[in-house]
Amino acid sequence: MLKRFTITLLAIVACCLGLQAQDANDVPLGLDTLQYLENVVVYGRKPYAEVIPAQTLAGKKLEGLNSHSIADAIRYFSGVQVKDYGGVGGIKTIDIRSMGTNHLGVFYDGIQLGNAQNGQIDLGKFSLDNIEEISLYNGQKSEIFQPARDFGSAGTVYIKTRRPKFSGEKNDNFNITMRTGSFGLANPSVRWEHRFNHNLTMSLSAEYTYATGQYHFRYRKKFSDGTIAWDTTAVRKNGDVQAFRAEGAIFGNIKDGKWNAKFYYYDSERGIPGAIVNNVWMNSQRQWDRNFFTQGSWQKQLNEKFEIMLNGKYARDFMHYNNPDTTLMLIDNKFWQDEIYISSSNKYTILPDWDVNLSVDYKWNYLNSTLANFSYPHRHTTLVALATARTWHRFKCQASLLYTMINDRYKTVYQGETLAHHSKWMHKFTPAVFMNYQPMQRYDFYLRAFYKRIFRMPTFNDLFYTDMGNANLRPEYANQFDFGFWYQRLCEDGFFAGLKFTADAYYNTITDKIIAVPSGRGQYRWTMMNIGKVKILGVDVTARATMHVARDFNVDINLSYTYQKAQDYTDPESTGYGGTYKGQIAYIPWHSGSVVGRATWRDLDINYSFIYVGERYSLSDNIIINHQQPWYTHDLSASYTFSISKTKLKVAAEVNNIFNQYYDVIINYPMPGRNYKLILKFDF
Amino acid sequence: MKNYFYYIILILFSIALLDSCREDDVIYFPETVPITQPEYSSIEGLYVLNEGCMGWNQSTLDYYDYTTGQYTINIYAYSNPTQPMELGDVGNDIGIYGSKMYMVINCSNKIEVVDKKTVKRVGQIDIPNCRFIKFHKGYAYVTSYVGPVVLEGMGSDEDVYQLGAVFKVDTTTLEVVGKCVVGRQPDELDIVDGKIYVANSGGYSQGAKIGYENTVSVIDIESFKEIERIPIAINLLGCKSDKRGILWISSRGDYNGTPSKIYAYDTQKRRLIKTFDLRVGNMCINGDSLYVISNEWSNISQGYTPGTYAIINTKTLEIVNEQFITDGTEARIRKPYGIIVNPFTKDIYITDATNYLDSGKVICYGDDGKKKWEVVAGQIPAHFVFLGENINEQ
């Protein structure tokens, strides 16, 4: 059934594309100017300002996707795998091009979100409520005028919150949104934007989320003749979540420059639903998180040649994990993290087409915990990035060199007594080169390539988790080679408003990969070692077509496809049945992709999205017991916008996982079946 | 030009979508691998319980058939195809008593009881966080980490910990008939002269003020009451008696300054008679020999200590062989985990748990210490029991 549907769908998509292609020139319908402009904004804003453009979701397109969180939206990018433990409160982390979640840098309004404890940012905790744009960059954002930290990850996601926009003489915008639906979801949010004068605006927003997180899941197995061996349906429990978010920002313009400052506060309590295993019917672990940060940025063009940018941040994160279940080890741990960050970026224009930039960053991290015999680690990081960008006619090139100096200070504590103090230093240089070439002036066709070498530091958990960390760990390196092209065609008066096609082939290697290995006897005895090695060969393809079907009726289709061969080269002697050598690494499908279609007719907006993740294995030991079935979900949403006097009202309804497919992204963490959401938005 | 792009898109998506659609999961058909020549003795077979990594629900049962020389993986799921979620999460011990086989499934909080020959399910005994099992006169005794929770001290000195227990199970009705509180996180137990000896670990308190346990609890079987605590060493794990009533007890150490060790306790003289400064992960007794295996991580040297493959003579109390593997193949064993010795042929079976995730191995060594064969097993192969007439009563 599903298979047939997919084929039909494919045929429809193919027919649309094929037929329209021939007809395109014969249907010279005038484009609605507004619609056209919006497309151009998304497509071709500064068509080749960036040496390597990002994958971006923004504005209405982002709004139309059926997404709870930022992680849900990122699934539509090519080259990305989301590790999703299911439900509203489940952990969702991102893996770009199979390099591992720790190699991804996540930037919130220009400054990186840090987690020195485990290096992973749970993007499930970031709501889409106040978000304007999400961009994904492979390598790094190919701009040289940025803090040194922006050069420091193998891949980056930039999350941009909404900037206040005012029409006419209106100085205040209010927005009230209410979302409700499956999983007992109650999710109200409010936002107020105010303009003090033309050079000073601010916004305040708050959101509350409550969900019982309960949903049905189903596991079953069949005999080889197709009859059912066992079939069990149960309710996922202890997945409740309660979260409050408050955010405020102030934006200012100065002569030849701008500045902004913001704060972010998030407070949540959630149940940890745990893995579904035989004969365990209840989980009662709970987690509390409190995250606060405040950050600011100031930027000014001092003269024709020189531009400066300053950034700063303070963050404090609290996490409390409790297991009251007496059938398991009683745990009650608390962790506090602090981060202070300052950065200065200085760009100098040598020639009109030749810029250099020097950025210097300093960062301090501290982790405190109630764990016994804890190391209380401090990390001082100094980053210096020297970057240059040069344009020769249709050839553009950027090169950067990042110098990282890290000083870790920690203690050896045993039974409350401090036995020793340690201080470790590390210095590293890592380069990156990005290139872009437009072979023919007439066509928007560009060839691009990059090379980048970068590392990720072992996290505080890797190094110092009591009895488990290994203080001698080295950094884990990622090398990336990428070659690709992109092509775009904008038509001012055709059936097609625009077409865009990108393709990239890449080869990545991960060396000194930090992985957990057994230490003593008993399964909770692990330690960390630098023994892993992975080679990744991949292809990312994206295509986009915007069509003007009839007056006021526009269709936009996005396709993305990823092929990845991510092989485990850790142990050359582990071959044959049950061997891991050259096996596909855990949870990386060979094939994955997405289709997003959006149709707008006047104030009606319909969005369809499809995600496909092919077969995978839960281990690089690619045997049948570790085999994971492909999964694919179809989501549909519709929204209608209308006005009552001065209030703009938007009503939206979503159906997710229409065909009610029961699937796991991570083994024994079932995902929700069909679910619904209703959204009501007031803007005045 | 345009058409060209559409075709590329079309082809790519066709590959992605049509190549692999979702299928139903089917019951695993057990894979049988011929590994060696048949052997004929009163031992018919050897069951291997794979623990499966915590949370993976991948504990599986394998069977080595001596009469055919074949090894079969994952026989439980096939013998009990209608059992939802298969065997369970983390198999920690296995034993045969009478006609039934008992598998202690630690994180599924149960003992799975099956027919010892057909592996067909007979029933289950719910015991939370159950660890090890031993049998005596119609009853099974099972250690469990779950006993009363104790709160000590006040305010910042407050310490919460949980005692463990030994559960008594009637092997005919499969009902729990008694419970005796012992020390914290009790692991292996053995029965000598009407008394149960239980190795208490205190493993959950490794960092807490209260620290590890350091005792063996003694339970009088008749009254089913704890009558004594014998201090031995910290963080005990193994507890096996030899035919002379000497208990061979292993301590895990603290993974830092204190390494693992073996202690010999004489139950008759009621005293510790010898300490062996020998790294131990697992051990097994056969005749007058105690086989010891280990490779231990040391936080101090930041590496594995050289592997132990030693034999202690339980009569003379001397280490008689410091390296019973003689062909150098121990270098390929990444994590020696389980061990058992065939009482007739003296063949030694060792499991390699690799990295606790990928498929493990069962490796057979002859009594000359040379490798005979190896076979791929499940995730963390660990616990053995022989199938045969009277073999488990010896």
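The values are calculated or read from the model by the stated rules, or taken from the named source; none is laboratory data. Only a predicted model underlies this, so the values are computations on that prediction, with no experimental measurement involved. Here Cβ is always computed from backbone atoms with ideal geometry, including for glycine, and neighbour counts include all displayed protein chains.
Would you mind telling me which numbered condition in (1) under 20 Å from B:Leu237 (Cβ atoms); (2) among the polar types (S, T, N, Q); (3) modelled with pLDDT of 95 or more B:Asn313 fails?
Only one criterion in (1) under 20 Å from B:Leu237 (Cβ atoms); (2) among the polar types (S, T, N, Q); (3) modelled with pLDDT of 95 or more is unmet by B:Asn313, namely (1).
Suppose we keep only residues that are hydroxyl-bearing (Ser, Thr, Tyr) and touching a residue at least 40 places away in the same chain (Cβ under 8 Å) within region B:79-107. Which one would you say is farthest from the other protein chains (Cβ to nearest Cβ)? Break it down into steps so the answer makes sense when it comes.
In the first step, residues of region B:79-107 are kept if they are hydroxyl-bearing (Ser, Thr, Tyr); the result is B:79, B:82, B:97, B:99, B:102.
Pick out the ones that are also touching a residue at least 40 places away in the same chain (Cβ under 8 Å) and you get B:79, B:97.
Numbers: B:Ser79: 12, B:Tyr97: 21 Å.
Residue satisfying both the conditions and the ranking: B:Tyr97.
May I ask you to list pairs of residues, at least six apart or on different chains, whose Cβ atoms are under 7 Å apart, with the first in region B:363-375 being farther than 21 Å from B:Val320 by Cα and the second being polar (S, T, N, Q) and assigned to a loop (DSSP other than H, G, I, E, B)?
B:Lys372/B:Thr36; B:Trp373/B:Thr36
Return the residues of region A:127-138 that are of a type outside the set (S, T, N, Q) and surrounded by fewer than 24 Cβ atoms within 10 Å (Cβ to Cβ); say none if nothing qualifies.
From region A:127-138, those of a type outside the set (S, T, N, Q) are A:128-129, A:131-134, A:136-137; that's our starting set.
Within region A:127-138, A:Leu128, A:Asp129, A:Ile131, A:Glu132, A:Glu133, A:Leu136, A:Tyr137 meet the criteria.
Please report, ordered by residue number, the strands (runs of 3 or more DSSP E) entirely within region B:265-384 with at least 1 residues that are polar (S, T, N, Q) and within 19 Å of B:Ser250 (Cβ to Cβ).
Details: elements: B:271-276, B:282-286, B:289-294, B:308-313, B:318-321, B:336-341, B:348-352, B:359-365, B:371-379.
The strands (runs of 3 or more DSSP E) meeting that bar are B:271-276, B:282-286, B:289-294, B:308-313, B:318-321, B:348-352.
Among the candidates A:Thr327, A:Thr349, single out the residue that is surrounded by fewer than 20 Cβ atoms within 10 Å (Cβ to Cβ) and touching a residue at least 12 places away in the same chain (Cβ under 8 Å). Explain how you work it out, then say what you get.
Working: A:Thr327 fails: touching a residue at least 12 places away in the same chain (Cβ under 8 Å).
Criteria check complete, one pass: A:Thr349.
Can A:Thr542 be described as at pLDDT below 90, under 26 Å from the mean Cα position of the chain (by Cα) and in a strand (DSSP E or B)?
On the way: at pLDDT below 90: no; under 26 Å from the mean Cα position of the chain (by Cα): yes; in a strand (DSSP E or B): yes.
Against the criterion (at pLDDT below 90, under 26 Å from the mean Cα position of the chain (by Cα) and in a strand (DSSP E or B)), A:Thr542 does not qualify.
List pairs: first residue in region B:289-303 and within 8 Å of another protein chain (Cβ to nearest Cβ) and within 30 Å of B:Phe344 (Cβ to Cβ), second residue surrounded by fewer than 19 Cβ atoms within 10 Å (Cβ to Cβ) and modelled with pLDDT under 90 anywhere in the structure, Cβ distance under 7 angstrom, at least six positions apart or on different chains.
Correct list of pairs: empty, since none qualify.
Inside region B:181-233, can you point out the residues that are part of a strand (DSSP E or B) and within 14 Å of another protein chain (Cβ to nearest Cβ)? Show your work before the answer.
Filtering region B:181-233 down to residues part of a strand (DSSP E or B) leaves B:181, B:186-192, B:195-200, B:215-220, B:225-231.
B:Val181, B:Pro186, B:Asp187, B:Glu188, B:Ala199, listed by residue number.
Restricting to region A:217-244, and then to whatever is of a type in the set (Val, Ile, Thr) and outside any loop (DSSP other than H, G, I, E, B), can you tell me which residue is nearest to A:Glu207 (Cα to Cα)?
Just the residues of region A:217-244 that are of a type in the set (Val, Ile, Thr), to begin with: A:227-228, A:232-233, A:235, A:241.
So of that shortlist, the ones also outside any loop (DSSP other than H, G, I, E, B) come out as A:228, A:232-233, A:235, A:241.
Numbers: A:Ile228: 45, A:Thr232: 37, A:Thr233: 33, A:Val235: 27, A:Val241: 13 Å.
By that ranking, first place goes to A:Val241.
Return the residues of region A:330-346 that are away from chain B (no Cβ under 14 Å) and either of a type in the set (Ser, Thr, Tyr) or surrounded by fewer than 18 Cβ atoms within 10 Å (Cβ to Cβ) (or both); say none if nothing qualifies.
Result: A:Trp336, A:Asp338, A:Ile340, A:Tyr341, A:Ile342, A:Ser343, A:Ser344, A:Ser345, A:Asn346.
So which residues in region A:71-85 are surrounded by fewer than 24 Cβ atoms within 10 Å (Cβ to Cβ), over 9 Å from the mean Cα position of the chain (by Cα) and not aromatic (Phe, Trp, Tyr), if there are any at all?
Within region A:71-85, A:Lys83, A:Asp84 qualify.
Would you check which residues across region A:361-379 are part of a strand (DSSP E or B), more than 18 Å from A:Leu113 (Cα to Cα) and either touching a residue at least 40 places away in the same chain (Cβ under 8 Å) or within 14 Å of another protein chain (Cβ to nearest Cβ) (or both) and list them?
So the first thing to find is which residues in region A:361-379 are part of a strand (DSSP E or B), and the list is A:361-369, A:378-379.
Subset that is more than 18 Å from A:Leu113 (Cα to Cα): A:368-369.
A:Ser369, the sole residue that qualifies.
Output the residues belonging to region B:104-118 that are among the aliphatic types (A, V, I, L, M) and either touching a Lys or Arg at 6+ places or on another chain (Cβ under 9 Å) or surrounded by fewer than 21 Cβ atoms within 10 Å (Cβ to Cβ) (or both). Please lay out each step first, then the result.
The initial filter retains those residues of region B:104-118 that are among the aliphatic types (A, V, I, L, M), namely B:104-105, B:111, B:113-114.
Within region B:104-118, B:Val104, B:Val113, B:Val114 qualify.
For region A:217-237, which positions are surrounded by fewer than 17 Cβ atoms within 10 Å (Cβ to Cβ) and either touching a Cys at 6+ places or on another chain (Cβ under 9 Å) or more than 7 Å from every other protein chain (Cβ to nearest Cβ) (or both)?
Residues satisfying the conditions are A:Arg218, A:Arg220, A:Asp225, A:Gly226, A:Thr227, A:Ile228, A:Asp231, A:Thr233, A:Ala234, A:Val235.
Among the residues of region B:119-133, write down those that are more than 14 Å from chain A (Cβ to nearest Cβ) and surrounded by fewer than 24 Cβ atoms within 10 Å (Cβ to Cβ). Even if it seems obvious, please write down each step before you answer.
The first filter runs over region B:119-133 and keeps only residues more than 14 Å from chain A (Cβ to nearest Cβ), leaving B:119-120, B:122, B:133.
Across region B:119-133, the qualifying residues are B:Val119, B:Lys120, B:Val122.
Output the residues belonging to region B:236-254 that are out of contact with any strand residue (DSSP E or B) (no Cβ under 6 Å at 6 or more places or on another chain) and either at the interface with another protein chain (Cβ under 10 Å from one of its Cβ atoms) or of a type in the set (Asp, Glu) (or both). Spell out the reasoning first.
Residues of region B:236-254 out of contact with any strand residue (DSSP E or B) (no Cβ under 6 Å at 6 or more places or on another chain): B:243-244, B:253-254.
Within region B:236-254, B:Gly253, B:Asp254 meet the criteria.
Give me a count of the residues in region B:72-91 that are under 19 Å from the mean Cα position of the chain (by Cα), under 17 Å from B:Val104 (Cα atoms) and among the aliphatic types (A, V, I, L, M).
The number of residues fulfilling the criteria is 3.
Looking at A:Thr412, A:Thr466, A:Thr382, A:Thr418 in this structure, which one is surrounded by fewer than 18 Cβ atoms within 10 Å (Cβ to Cβ), part of a loop (DSSP other than H, G, I, E, B) and β-branched (Val, Ile, Thr)?
Values: A:Thr412 fails: part of a loop (DSSP other than H, G, I, E, B); A:Thr382 fails: part of a loop (DSSP other than H, G, I, E, B); A:Thr418 fails: part of a loop (DSSP other than H, G, I, E, B).
Answer to the check: A:Thr466.
Just one of A:Ser375, A:Ser423 is at pLDDT below 95 and surrounded by fewer than 21 Cβ atoms within 10 Å (Cβ to Cβ); which is it? Walk me through it before giving the result.
On the way: A:Ser375 fails: surrounded by fewer than 21 Cβ atoms within 10 Å (Cβ to Cβ).
Testing whether each residue is at pLDDT below 95 and surrounded by fewer than 21 Cβ atoms within 10 Å (Cβ to Cβ) leaves just A:Ser423.
Please go through region A:654-675 and give me each residue that is of a type in the set (Phe, Trp, Tyr) and part of a loop (DSSP other than H, G, I, E, B), ordered by number. Give the derivation first.
Here is the first cut: in region A:654-675, the residues of a type in the set (Phe, Trp, Tyr) are A:659, A:662-663, A:669.
Scanning region A:654-675 gives A:Phe659, A:Tyr662, A:Tyr663.
Assuming A:Pro572 fulfils every condition listed in (1) free of Cβ contacts under 8 Å to residues at least 40 places away in the same chain; (2) crowded, with 20+ Cβ neighbours inside 10 Å; (3) part of a loop (DSSP other than H, G, I, E, B) apart from one, which condition is it?
The single condition A:Pro572 does not satisfy is (2).
Given the residues A:Glu193, A:Glu207, A:Glu247, which is the only one that is part of a strand (DSSP E or B), of a type outside the set (Ser, Thr, Tyr) and more than 22 Å from the chain's Cα centre (by Cα)? Give the steps one after another, and end with the answer.
Working: A:Glu207 fails: more than 22 Å from the chain's Cα centre (by Cα); A:Glu247 fails: more than 22 Å from the chain's Cα centre (by Cα).
None of the others qualify; the one that does is A:Glu193.
Under the condition of being touching a residue at least 40 places away in the same chain (Cβ under 8 Å) and within 25 Å of A:Lys565 (Cα to Cα), which residue from region A:595-616 is surrounded by the most Cβ atoms within 10 Å (Cβ to Cβ)?
Among them, the one singled out is A:Val613.
Filtering region A:457-498 down to residues that are modelled with pLDDT of 85 or more and in contact with a His (Cβ under 9 Å, 6 or more places away or on another chain), which residue is farthest from A:Lys424 (Cα to Cα)?
A:Ala478
If a residue must be over 30 Å from A:Thr509 (Cα atoms) and among the basic types (Lys, Arg), how many such residues does region A:568-612 contain?
2
May I ask you to verify whether A:Leu31 is of a type in the set (A, V, I, L, M, F, W, C) and at pLDDT 85 or above?
Details: of a type in the set (A, V, I, L, M, F, W, C): yes; at pLDDT 85 or above: no.
No, not satisfied.
Among (1) in a strand (DSSP E or B); (2) more than 12 Å from chain B (Cβ to nearest Cβ); (3) crowded, with 18+ Cβ neighbours inside 10 Å; (4) not acidic (Asp, Glu), which single condition is A:Thr641 missing?
(3)
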